[in-house]
Amino acid sequence: MNLDVTNNELRRIRDKYESSGSYNNHSEAKFIVQESRSKQAILHDHFEWDDSEAGEKFRIIQARQLIIRVKIVNEASKENKNIRAFINIKKTDKQAKHIGFMSILILSWKINQ
């Protein structure tokens with residue numbers, strides 16, 4: 001991916017829709033996808049165009065967002081602080097690869113064993 005080419009194309013798209021008066025931060029991604037549909041479009045290859053595969057990838061993104069948003073409410077605590085129900089686990093070696101998310105309850109149980 002050539003960053004200059006990509007950056008210039010994103011600017012071109014923004015300028016095109018800003019000048020039409022239909023551009024805002026919420027519509028930006030929609031316009032980028034719209035302008036990239038053609039196989040000749042500069043950004044076309046940055047997207048998954050197979051709807052089945054794209055749908056599955058999107059559901060995985062939604063699942064990750066759900067994991068991040070789930071909170072545990074400690075009603076017995078006077079502080080009334082919510083904590084994340086799942087935490088991101090990474091290796092501590094140089095590769096630092098993502099292992100996945102683990103329930104804070106399971107993690108605390110494993111630590112206390």
Query raised in the report: Condition test on LEU3, is it farther than 30 Å from ILE87 by Cβ and exposed (fewer than 11 other Cβ atoms within 10 Å of the Cβ)?
Result: yes
Query raised in the report: Right, ILE83: assigned to a strand (DSSP E or B) and out of contact with any helix residue (DSSP H, G or I) (no Cβ under 6 Å at 6 or more places or on another chain) or not?
Result: yes
Query - Selection within segment 80-110 - modelled with pLDDT of 70 or more and over 26 Å from the mean Cα position of the chain (by Cα) - result: none
Query raised in the report: Can you tell me which residue in segment 32-79 is modelled with the highest pLDDT, limited to those that are among the small types (Gly, Ala, Ser) and over 29 Å from SER22 (Cα atoms)?
Result: SER52
**Report entry** Filter result for the condition that a residue is surrounded by 10 or more Cβ atoms within 10 Å (Cβ to Cβ), closer than 20 Å to ASN2 by Cα and among the hydroxyl-bearing types (Ser, Thr, Tyr), over SER27, SER22, SER36
**Finding:** SER36
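Residue-by-condition table, conditions (1) in a loop (DSSP other than H, G, I, E, B); (2) among the basic types (Lys, Arg):
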| site | (1), (2) |
| --- | --- |
| LEU10 | no, no |
| ASP15 | no, no |
| LYS30 | no, yes |
| GLN40 | yes, no |
| ARG59 | no, yes |
| ARG64 | no, yes |
| GLU75 | yes, no |
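The values are calculated or read from the model by the stated rules, or taken from the named source; none is laboratory data. Computed from a predicted model, the values in this text were never measured in an experiment. Glycine also receives a Cβ, built like all others from the backbone with ideal geometry; neighbour counts cover every protein chain displayed.
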